[in-house]
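Where a number appears in this text, it was derived from the coordinates with a stated rule and is not lab data. Note that the coordinates shown come from a computational prediction; the quantities given were computed from them, not determined experimentally. Here the Cβ positions follow ideal geometry from the backbone for every residue, glycine too, while neighbour counts run over all protein chains shown.
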Amino acid sequence: MPLRLIAERCLRSALPILFGLLAMPAQANYGQTPEGKAFIDDMVSRHAFDQTTLEQWLAGAQQQPDILESISRPAEKRLAWYEYRRIFIKPSRIEKGRAFLDAHAATFERAEKEFGVSRYIVAAVIGVETQYGEYTGRYRVIDALSTLAFDYPPRSRFFRRQLGEFFLLAREQDIDPSVVKGSYAGAMGYGQFIPSSYRHYAVDFDKDGQADIVTNPVDAIGSVANYFARHRWQAGAPVAEQIELADKDSGIDGKHSGLFTEGLKPTLTLGDYRKAGIAPQVKLDDNTPARLIRLETEQGHQDWLTYPNFYAITRYNHSHLYAMAVLELSRALAADAGQAG
Ligand SMILES: [Ca+2]
């Protein structure tokens, strides 16, 4: 074989190894960096945390470079509705959701009574987050949160707080922080709670003495229902409805253009929309906050008028695509059960 070919082959086979090495976790000891030391000092002074314990935990944390890639391109920001929808609204996820509702029927019943949150919404959230507990994340939470807390400046403040909450959680629940796994953003368990949500909204729904949303579906169901109740879910109130706008009115210069507001929080009311000639079917007061959204479909678009319960879903994950996926999956699950969604 000519020398040139041998050299090319060697190079070709060496390249993946080289890239593999680059993608390997770097062995940074976060506890020894100035930011890591400041973080430890803060935890010691504010929470009377044991310094040596924190140093040991952080010394074991490993940087995960691919997390830095994932965090900068979340699906909610990069996909159109019809692409996003395809991931979550499909027969297998509906089928598994029905089985999950059946398997935990008594728990869903109790959660619905206690928290006033539709079982189909709770099941749909767990379905969208982790396919009902099947995919709860492959990263060690300590690696994910340390990487984002110390190597991702745009959100370092947020993730340092979450890392602190994670250590407080580990201390409170007496769990080893080096073994807990979760998403690339440090979200854990069936409902993918970040550490602050875990500490504030997880409940011990089977009363065995521990709020375990990572391995215990009963606690997970109760905790997701509690999260919604605490974020002002209104029992039995409508979530959103599709409406028809005449195309000529809804373009950028059309008379409805000002009705598509910025931000997830509604800034108009149902009355404002009624005055503009939109006639929703819901029986809600005119002073109910509402927001008109437009979703891209394969054929064009759909317009939806969304209500406070829709906003409550965006408190779980700050995206209207997410809220719509949860709503649509919940309706599919409710339809399977022969009930209105
Ligand atoms: Ca429990």
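Brief remarks on what is shown
- Legend: ranking of residues Ser178, Ser223 from fewest to most surrounding C-beta atoms inside 10 Å; resulting order Ser178, Ser223.
- Sequence of Trp233, Trp304 once ranked by neighbouring C-beta atoms within 10 Å, starting from the fewest: Trp304, Trp233
- Theoretical gain in end-to-end length, Gln299 to Asp286 [0.36 nm per residue, Cα-Cα removed]: 1.5 nm
- Scanning the chain for trypsin sites (Lys or Arg not before Pro) lying in DSSP loops with no more than 11 further Cβ atoms inside 10 Å, the longest uninterrupted stretch between such sites is 1-137.
- The chain: Rg to Rh, with Rh as the Kirkwood radius over Cα pairs: 1.05
- For the range 190-220, chymotrypsin sites (Phe, Trp or Tyr not before Pro) are listed when DSSP marks them as loop and at most 10 other Cβ atoms sit within 10 Å of their Cβ; the list is empty.
- Loop-located chymotrypsin sites (Phe, Trp or Tyr not before Pro) in the range 109-166 (DSSP state not H, G, I, E or B) with no more than 15 neighbouring Cβ atoms inside 10 Å: Tyr135.
- Between the amide H of Thr288 and those of Leu270, Gly271, distances stay under 5 Å, these residues lying 5 or more places away or on another chain, with hydrogens modeled in the peptide plane.
- In the distance distribution for the range 158-241, Cα-Cα pairs more than 20 Å apart total 35 percent.
- Shape of the range 85-192, Cα gyration tensor, a/c cut at 1.5: prolate
- Take the Kirkwood radius over Cα pairs of the range 268-341, plug it into Stokes-Einstein at 10 °C and 1.306 mPa s, and you get 117 µm²/s for translational diffusion.
- Rounded to 10°, Cα long-axis angle of helix 105-115 versus longest principal axis of the chain: 70
- Using R0 = 41 Å, the C-beta based FRET efficiency linking Lys207 and Lys265 works out to 0.70.
- Take the Cβ atoms of Ile175 and Ala237, set R0 to 30 Å, and the FRET efficiency comes out at 0.20.
- Pairs of lysines in the chain (C-alpha under 26 Å apart; 8 or more residues apart or interchain): 16
- Gaussian network model of the chain, Cα within-10 Å springs - most flexible of Leu79, Leu101, Leu145: Leu79
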